[in-house]
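Encoded as structure tokens, the structure appears first; notes follow it.
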Amino acid sequence: MTNINPSAGAVEDGAPPDTPGGTSGAGPAVRRTGTSGWRAMLPRWSPKLGVGLGLVVAIALFGVLGPMAVGDPDTVRDIGMTSPGGEFWLGTTQTGQDVLAQLAHATRGSLQIGLLVGVLATLFSAVFGVIGGYVGGAVDEGFSLFSNVMLVIPGLPLVIVIAGFVPVERRGWWTIAVVLAVTGWAASARVLRAQTLSLRNRDYVAAAKVAGEKPWRIISVEILPNLLPLMASQFVFAVILAILSEAGLSFLGLGASNSPTLGTMLYYAQNGFALQYGAWWWFGPPGLVIALFGCGLSLINFSIDEIIDPRLRTVPATGRRARRTAEGGGPRKRKASPAPRRDAFGRDAVLTVENLDVVYRGERPTHAVKNVSLTLGRGEILGLAGESGCGKTTLAYAINRLHRPPAEVTSGTVVFHDRDGTDIDLLALEKEELRAFRWSKLSMVFQGAMNALNPVISIRAQLEDVLTTHRPGMSAEERRERCAEVLRLVGVDPRRLDSFPHELSGGMRQRVMIAMALLLDPQVMIMDEPTTALDVVVQRGILREILRFRDELGFAVVFITHDLPLLLEISDRIAVMRDGEVVEYATAEEIHKRPRHPYTRELLDSFPSLTGERGAFVRTGESGARERTETTVKTVKEAGPR
Amino acid sequence: MTTLEVRGLVKDFSLRSGLRQSRFRAVDDVSFTLTPGRTVALVGESGSGKSTVARMIARLERPTSGEIVATRSDGTRVADRDYRDHVQMVFQDPFASLNPFHTVEHHLARPLKLHGRVKGKADTRREVERLLERVNLTPAGDIAGRRPHELSGGQRQRVAIARALAPGARVVVADEPVSMLDVSIRLGVLNLLARLQREDDLAVLYITHDLATARHFSDDILVMYRGRVVERGPADEVILNPRHPYTRILAAAAPDPEARDRDRLGDALGLKPAGDSALPGDDPGCTFRDRCPSAMEICARRPEDFEVGQGHHVRCRLRPGDDDGARPTGADTTAGRPV
């Protein structure tokens with residue numbers, strides 16, 4: 001996870017990305033729902049949803065009200081096969097029946113079947129999927145086996161057999177509906193089971209157990225509401241499938257005998273040689289109603305899918321357009337003043353960031369990085385400190401041009417000063433140049449990078465892949481040698497090259513990721529919380545390696561973390577970020593001894609010293625002071641997005 | 001007032017890989033007592049078994065063997081069906097421990113109703129607001145109607161703490177309650193826990209991997225390593241005067257701004273890089289000996305507890321830090337003082 005959306009402030013970092021109804025795109029304070037609990041579950045308005053609802057409602061109304069408005073569909077007249085017009089808006093059949101009247105009754109029949117199948121199939125899948133998934137053990141195995149068996153039985157042939165087995169005179173619309181429901185629930189049950197398995201391990205379910213809730217209540221109150229969007233989507237899908245299957249069955253002559261449906265209408269049209277006579281008005285309308293109804297429901301399903309997975313919500317693609325205008329002399333300032341080539345310690349600068357602004361476009365644009373200027377000296381370790389949502393990750397991504405829409409660099413420059421003396425304007429690089437540049441001159445270790453290794457490819461293959469891409473001239477022997485070399489550098493036995501990621505511990509995987517970043521001998525390495533997920537002892541080992549490389553290989557490091565004491569220990573200079581701004585930028589010594597900005601002081605105070613005096617805030621009556629401090633921070637924080 | 005006693009707690013997980021089934025001992029013979037008004041910190045790295053201990057106390061996992069007994073102040077044992085009135089838990093991740101579908105009020109009202117602490121709607125509402133005010137979430141009426149995604153991480157964790165208090169719990173197990181929160185609000189949440197503990201005379205088990213907060217917020221510290229408690233004692237003693245090699249390494253590894261340049265000088269502790277354990281899952285000996293800088297042959301035997309100070313026990317034959325080496329204090333090396 002990266003800080004994709006700083007607008008969500010402290011809330012977004014670490015939020016489960018797949019929370020149903022979670023609004024990672026909406027921020028914490030958009031809605032004031034009050035008591036209405038269902039608003040979060042409703043799809044957001046979109047043209048797709050509008051068109052879909054329009055189609056479905058129109059057809060449903062036609063099915064419900066139509067039959068009352070039209071005449072008897074079965075009246076036989078002697079004016080067979082008249083084309084639309086006059087008394088019969090949609091013409092007549094071979095035997096002179098009114099097609100419009102038939103269509104109205106058929107639509108009603110098909111809707112009935114669709115609805116019943118939808119309800120039954122959803123019910124079956126919920127019972128077998130949710131209960132099995134929650135209870136687990138033998139019940140789950142039994143239910144799973146049953147639904148798997150139902151899943152592998154080929155649906156349509158079974159339906160044909162069952163439908164054919166029921167005598168024609170007793171084959172009403174509800175028989176067909178039950179048959180379709182019985183054959184159609186299994187796939188949904190599997191999906192619901194998988195989702196339930198994931199939900200039942202959530203902490204809030206554990207919390208409900210600890211509170212003493214009964215299992216049935218946990219299922220119905222804690223788990224089921226979070227499955228509702230999924231079930232709604234499955235319901236809609238079941239309805240579409242039922243209407244189509246019924247049409248297919250009826251077309252084969254296995255449909256309901258006594259009630260008209262769109263399928264039976266097509267069946268009679270086929271038997272009456274409508275196609276051969278060119279009587280399009282007979283088979284066209286029922287086909288069109290099926291198609292439009294299916295289309296409408298699918299469109300609605302798109303919107304439901306967006307509730308299940310908020311990431312599907314499309315963000316207006318303003319990115320490219322805005323950049324173009326910027327390059328055409330827009331707001332982004334190109335190459336303002338000649339970049340300072342030395343850093344504060346008189347070292348050559350390797351990376352200069354000037355007045356960088358990054359904005360997340362969206363309904364409420366968020367200024368994630370505000371006018372940030374930094375200079376990274378050759379061989380310097382620059383600490384970037386800040387809390388979640390402060391823009392530190394966004395800044396790192398923007399430096400490497402890894403940010404994606406809706407994030408967008410609106411102004412500022414990032415210049416890389418190469419070892420050979422050339423300056424590279426990173427923001428102006430074209431695609432190919434950028435790819436060649438990344439990793440070979442500037443590499444990155446991501447937050448939680450240890451999970452970024454491909455689990456089915458050996459360490460060796462993953463490392464060599466980088467070399468084959470960036471150093472095509474290298475021989476296989478040289479590649480092998482280089483891979484073993486970088487692993488030795490990070491303290492991993494080169495014999496581990498043939499291991500797969502799951503065979504290594506978290507600390508070792510993280511070392512492998514650092515080795516990968518070292519492969520091409522980069523001049524700058526950006527490390528985004530490289531040790532946060534690791535234990536202190538392992539972290540210590542990795543920090544030691546980083547410091548050693550810096551001394552031996554002379555590259556510069558941008559080290560991003562919220563752990564200020566750690567930065568004070570290892571970095572040369574520290575930039576403290578808050579709400580997208582660098583509030584303090586000084587040497588580690590300076591920040592440690594004489595922090596200027598109140599926020600820096602507050603961050604420093606947040607880390608009680610391991611060996612120092614017990615502070616006044618600790619377990620004494622004065623702790624109230626501390627709590628008050630937090631309240632003020634909180635208000636400041638929340639004032640932002642609101 | 002309730003006292004919680006944990007005796008000889010063991011938890012085995014069976015691992016299935018292919019057809020082979022192996023046993024993994026996540027918690028091995030852990031004993032301690034939580035008393036009202038005191039905080040015990042359980043410290044260890046991930047995988048040390050500390051969260052498993054928490055989940056067993058909260059009755060989310062069944063112990064393989066051992067006992068967890070809650071006793072009222074009058075000496076009577078808390079019956080199984082009342083257990084949850086007495087023992088509650090605060091989970092690590094406030095983003096996962098609150099149901100995104102439900103309001104704050106739901107999260108607090110349910111335990112209140114379940115444990116029969118309120119009657120009627122107005123009473124529930126009043127009690128919910130009182131709980132929210134106790135955890136400094138004001139205006140309570142406004143917060144109660146919100147959903148988790150409308151709250152910040154710190155606010156969510158306060159709701160989770162209020163939820164633990166709702167059934168009138170006397171023993172609170174806090175499993176890494178602040179590790180998912182922003183640094184600037186961590187101390188605030190810990191101070192809140194400390195204040196509630198003082199006010200209600202709670203017994204608190206604080207589980208963490210952070211030695212510094214463990215020292216500042218607890219009275220006693222237990223250090224766990226691969227399922228076993230390797231060192232226990234008063235907080236300051238364990239941190240400032242660690243005796244077990246593992247505790248010493250842990251304390252030395254914590255970031256310390258005063259110790260700049262130490263990494264450039266190399267590691268005086270001689271710690272071997274962390275890797276996968278070379279020891280078999282049911283090895284009886286010291287679980288740390290594959291990484292220990294001062295491992296000896298005798299470490300392959302089951303280590304015993306030694307008292308090295310007032311209430312300060314260490315499960316290591318070497319007891320480094322003793323000025324005169326491995327002098328058996330009042331006991332033979334083989335006849336230590338098992339606790």
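Whole Å is fine, so just give me how far the alpha carbon centre of region A:465-536 lies from that of region A:401-454.
19
State, to one decimal in nm², a quarter of the convex hull surface area for the C-alpha atoms of region B:89-214, i.e. the direction-averaged projected area.
7.2
With the dipole of chain B worked out from charges on the C-beta (+1 for Lys and Arg, -1 for Asp and Glu) around the Cα centre, which of B:L108, B:S65, B:F95 lies farthest toward the positive end?
B:L108
Could you check which residue among B:F24, B:F217, B:F32 shows the biggest mean-square fluctuation in a GNM of chain B with a 10 Å Cα cutoff?
Of B:F24, B:F217, B:F32, the most mobile in the Gaussian network model is B:F24.
With 22 Å as the limit, write out which pairs from A:K214/B:K119; A:K370/A:K392; A:K214/B:K50 have Cα-Cα distances beyond it, or answer none. Provide the component values of the computation, followed by the final result.
Values: A:K214/B:K119 20 Å; A:K370/A:K392 11 Å; A:K214/B:K50 27 Å.
A:K214/B:K50, as the Cα separations exceed 22 Å there.
Can you give me the long-range amide H partners of A:V583? Hydrogens built in the peptide plane at 1.01 Å from N, cutoff under 5 Å, separation of 5 or more residues or another chain.
Under 5 Å from the amide H of A:V583: A:V576, A:M577, A:R578.
Dividing the Cα radius of gyration by the Kirkwood radius, what Rg/Rh value follows for chain B?
My calculation of the ratio gives 1.00.
Grab the other residues whose beta carbon is less than 10 angstrom from that of B:M224, score K and R as +1, D and E as -1, and report the net.
The answer is +1.
Dipole of region A:346-434, Cα-centred, from +1 at each Lys and Arg C-beta and -1 at each Asp and Glu C-beta, to the nearest 20 debye? Working shown, then result.
Values: 10 positive and 14 negative charges, 80 e Å.
Computed about the Cα centre, the dipole is about 380 debye.
By the scheme Lys and Arg +1, Asp and Glu -1, what is the net charge of all other residues having a beta-carbon under 14 Å from that of A:I219?
Around A:I219, the surrounding residues sum to +3.
A:D493's amide H: which non-local residues (gap 5+, or another chain) put their own amide H closer than 5 Å, with H modeled 1.01 Å from N in plane and none for Pro or chain starts?
Under 5 Å from the amide H of A:D493: no residue qualifies.
What's the exposure ranking of A:M265, B:M56, going from fewest to most Cβ atoms within 10 Å?
By the 10 Å Cβ count, ascending, the order reads B:M56, A:M265.
Quick one: order A:S606, A:S373, B:S294 by neighbouring beta-carbon count within 10 Å, fewest to most.
Listed from fewest to most nearby Cβ atoms, that is B:S294, A:S373, A:S606.
Skipping prolines and chain starts, which residues have an amide H placed within reach, meaning under 5 Å, of the one on A:A368, given they are 5 or more residues away or on another chain?
The answer is A:V358, A:V359, A:Y360.
Would you kindly derive the ³J(HN,Hα) couplings of region A:281-291 from the backbone phi angles with the Karplus curve 6.51 cos²θ - 1.76 cosθ + 1.60 (θ = phi - 60°), listing them in order in whole Hz, with x for Gly and Pro?
Along region A:281-291, the couplings run 5, 8, 8, x, x, x, x, 5, 4, 4, 4 Hz.
Using θ = phi - 60° and the Karplus curve 6.51 cos²θ - 1.76 cosθ + 1.60, what whole-Hz ³J(HN,Hα) does each residue of region A:53-68 get, with Gly and Pro shown as x?
Coupling constants for region A:53-68: 4, x, 4, 5, 5, 4, 5, 5, 4, 4, x, 7, 8, x, x, 6 Hz.
Loop only per DSSP, at most 13 neighbouring Cβ atoms within 10 Å: give me the trypsin sites (Lys or Arg not before Pro) in region A:348-379, ordered by residue number. Could you put the intermediate results ahead of the total?
Details: sites: A:R361, A:K370, A:R378; in loops: A:R361, A:R378.
Of the trypsin sites (Lys or Arg not before Pro), not one in the loops of region A:348-379 has a Cβ with at most 13 other Cβ atoms within 10 Å.
Convert each backbone phi in region A:159-173 into a coupling constant with the Karplus relation 6.51 cos²θ - 1.76 cosθ + 1.60 (shift: θ = phi - 60°), then list the ³J(HN,Hα) values in order as whole Hz, x for Gly and Pro.
3J(HN,Hα) across region A:159-173, in whole Hz: 4, 4, 5, 4, 4, x, 6, 6, x, 3, 5, 9, 8, x, 5.
Taken together, the values in this text are just the output of simple stated rules run on the coordinates, not laboratory data. As the structure is a prediction and not an experimental result, all values here were calculated from the model. FYI the Cβ positions are ideal-geometry reconstructions off the backbone, even for glycines, and counts take in every protein chain you see.
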